[in-house]
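This report concerns only the one structure given below.
The values are calculated or read from the model by the stated rules, or taken from the named source; none is laboratory data. Not measured: the values here are computed from a predicted model. A quick note on method: Cβ atoms are made from the backbone with ideal geometry, for glycine too, and the neighbour counts reach across all protein chains shown. For accessibility, only protein heavy atoms count, side chains too; no ligands or nucleic acids. Shrake-Rupley method; radii C 1.70, N 1.55, O 1.52, S 1.80 Å.
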Amino acid sequence: MKHSLVCLTLCEDTLQKNASLVEKYRRYIDIAELRVDFLSDEEQLHIRKFPTMIDIPCILTIRRQADGGRFVNSEISRTMLFGRALAFTDKTISKKFAYVDFENDYAVSSLQDAALAFDIKIIRSLHSMNEPVKNLKSAFNELRKTEYEIPKIAFMPKTMEDITNVFEEASSITEGEHILCAMGALGQITRILAPKLNSFLTYTSPIETNHLLPQLGHIDPVTLHEVYNFKNISEKTSIYGVAGWPLVKTASPELHNTGYKNHSLDCVFVPIRAPSVQEVFSFANKINVQGLAVTVPFKEDVISRIHSYDDDVEKIGACNTVWKRNGKWEGFNTDAYGFKRSLINFLGTEKLKKQKVAIVGAGGAAKAIAYVIKQMNGKACIFNRTIGKAKAIADMYNFDYASLGPESTKKLIHFSDIIIQTTSKGMNSTGKSTYENDPIFFYQFHGHEKVFDIIYTPETTPIMERAKEAGCEVCNGKEMLKYQGYKQFKIFTGKEYEV
Ligand code: ATR
């Protein structure tokens with residue numbers, strides 16, 4: 001079986017802009033798809049010349065609105081457009097479209113004959129926007145009207161189970177070519193792991209136009225190569241991933257995949273976006289995922305799903321790493337290790353004796369942090385919006401606790417030697433500090449505080465910016481993420497990340 005090709009979907013409004021994108025991404029792509037439905041009316045008149053403007057094979061696609069595209073004119077005008085692009089074409093490979101995408105219900109025999117006559121391969125596509133397609137093997141066979149066609153199924157998954165089923169079914173379809181992909185955020189994993197689906201190609205979008213097709217969950221070709229090492233993914237590649245929801249952004253794939261590359265390991269690490277732990281494990285077990293980084297909101301729920309766990313998980317009550325050994329899931333907490341190493345670097349000491357520490361937030365991350373502060377002999381107060389959760393952690397370590405608001409200002413001043421921010425407030429927020437992006441907006445920094453925010457995007461959160469302006473030393477969560485990832489890598493591969 002040939003390796004899946006990387007296709008760049010072109011959605012600019014002019015042919016020239018699209019050709020420039022092909023030029024820009026040339027080293028990362030094998031094939032392009034011209035989406036005629038995104039071109040301006042004037043440009044649509046000249047589509048026949050597009051293959052001569054680029055030096056790679058091109059798919060001609062005119063997608064109707066009902067199938068997720070933008071073409072709203074009549075079927076007659078769509079047929080005329082196809083005709084303009086395909087008829088009287090030059091037989092020279094580089095001067096004609098190499099493929100044309102006809103939907104399953106599109107049956108204009110003169111155009112199909114023209115495609116065959118000019119050796120233009122037909123991609124016979126089925127877009128299921130509302131439900132997944134069952135029995136893929138027979139669905140592909142039904143779609144394929146002649147042996148020269150490549151059947152394509154693109155569907156909108158409703159649940160992670162739909163994605164799991166697709167991987168289960170498609171991995172055994174090894175005869176003939178087919179294209180398979182799931183749309184939306186849930187489906188992104190099918191684009192990254194297209195070789196595991198034996199898909200003829202995977203669709204990518206240029207960074208410039210990715211925002212035009214957010215519903216498709218596209219990925220850009222540079223990320224596909226540089227982060228996921230796409231060309232090396234095969235049926236033998238071991239799968240690891242980070243499980244979370246909604247998991248909008250994650251730095252873990254970059255970290256782990258770089259490690260695999262540096263150690264020449266045949267592994268890939270992907271985001272596994274699933275709304276429940278149950279769906280994560282169903283996917284992981286059926287697709288033979290070897291290990292998972294576990295993130296918000298599963299760090300606590302995951303514990304009931306695993307067979308055993310280490311001391312840190314037991315004491316902290318949160319688990320951010322699971323690994324499969326002899327068919328059984330083992331749990332670890334590497335957040336505590338990552339945080340401790342980063343905090344020691346930040347403070348320049350391992351001892352917190354006499355230091356008063358404020359821990360802002362009482363979620364899974366705060367649990368690991370409180371555990372470390374206790375290990376380092378610090379005295380802490382947990383401040384949280386939901387006070388019961390602050391009390392629960394405080395009780396474990398004989399710490400103080402308080403609500404998270406102006407009423408706790410005095411207490412915060414008392415515990416202000418080191419302030420550790422663990423809530424999600426400030427994540428992806430670059431503006432000035434407000435009550436919406438700064439959980440201790442009510443507190444005035446004096447300059448002596450050491451402020452550690454476990455967020456790593458942006459690099460400087462609004463609370464950090466405010467603390468810096470007052471003369472405080474600040475640290476973000478980048479190093480913590482790095483170190484917890486290094487330990488995860490060691491658990492997964494048995495190898496040291498840092499060489
Ligand atoms: P993690 O595993 O990253 O710690 P989590 O367990 O979901 O994630 O915990 C999120 C923390 O951020 C909690 O302390 C939460 O406060 P509640 O316990 O009251 O839910 C806190 N948090 C999230 N959004 C917040 C907001 N808008 N204001 C204040 N605290 C917030």
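Points worth noting:
- Count - residues of the stretch 358-399 that are among the charged types (D, E, K, R) and more than 16 Å from the ligand (Cβ to nearest atom): 2
- For the condition in a loop (DSSP other than H, G, I, E, B) and open to solvent by 30 Å² or more (accessible area, probe 1.4 Å), residue 249 qualifies.
- The condition of being more than 19 Å from residue 150 (Cβ to Cβ) and either in contact (Cβ under 8 Å) with a residue 12 or more places away in the chain or not acidic (Asp, Glu) (or both) holds for only one of 47, 123, 56, that being 47.
- The criterion of being hydroxyl-bearing (Ser, Thr, Tyr) and either farther than 30 Å from residue 281 by Cα or surrounded by fewer than 17 Cβ atoms within 10 Å (Cβ to Cβ) (or both) does not hold for residue 371.
- For the stretch 138-170, residues that are open to solvent by 50 Å² or more (accessible area, probe 1.4 Å), hydroxyl-bearing (Ser, Thr, Tyr) and in contact with a helix residue (DSSP H, G or I) (Cβ under 6 Å, 6 or more places away or on another chain) total 0.
- Qualifying residues in the stretch 281-300 (those that are within 15 Å of the ligand (Cβ to nearest atom) and either of a type outside the set (A, V, I, L, M) or touching a residue at least 60 places away in the same chain (Cβ under 8 Å) (or both)) - the one most open to solvent (accessible area, probe 1.4 Å): 296
- Filter result for the condition that a residue is in contact with a strand residue (DSSP E or B) (Cβ under 6 Å, 6 or more places away or on another chain) and either in a loop (DSSP other than H, G, I, E, B) or surrounded by fewer than 22 Cβ atoms within 10 Å (Cβ to Cβ) (or both), over 239, 219: 219
- Output for the stretch 29-43, where each listed residue is within 21 Å of residue 93 (Cα to Cα) and either open to solvent by 40 Å² or more (accessible area, probe 1.4 Å) or part of a helix (DSSP H, G or I) (or both): 30, 36
- Residues being within 12 Å of the ligand (Cβ to nearest atom), aliphatic (A, V, I, L, M), open to solvent by less than 30 Å² (accessible area, probe 1.4 Å) and under 22 Å from residue 340 (Cα atoms) - total across the stretch 406-453: 1
- Pairs with Cβ under 6 Å, 6+ apart, first in the stretch 146-172 and farther than 24 Å from residue 59 by Cβ, second open to solvent by 50 Å² or more (accessible area, probe 1.4 Å): 164/286; 168/286
- Strands (runs of 3 or more DSSP E) contained in the stretch 298-387 and holding at least 3 residues of a type in the set (A, V, I, L, M): 356-360
- Scan the stretch 318-340 for residues that are on the phi < 0 side of the Ramachandran plot, out of contact with any Gly (no Cβ under 6 Å at 6 or more places or on another chain) and open to solvent by less than 70 Å² (accessible area, probe 1.4 Å) and the total you get is 14.
- A residue that is touching a Cys at 6+ places or on another chain (Cβ under 8 Å) and of a type outside the set (A, V, I, L, M) can be found somewhere in the stretch 168-190.
- Residues that are part of a helix (DSSP H, G or I) and open to solvent by less than 10 Å² (accessible area, probe 1.4 Å), drawn from the stretch 258-280: 259, 260, 280
- Taking the criterion of being farther than 19 Å from residue 393 by Cβ, within 15 Å of the ligand (Cβ to nearest atom) and over 23 Å from the mean Cα position of the chain (by Cα), no residue of the stretch 302-332 qualifies.
- Residues in the stretch 3-20 that are open to solvent by 10 Å² or more (accessible area, probe 1.4 Å) and in contact (Cβ under 8 Å) with a residue 40 or more places away in the chain: 3, 5, 12.
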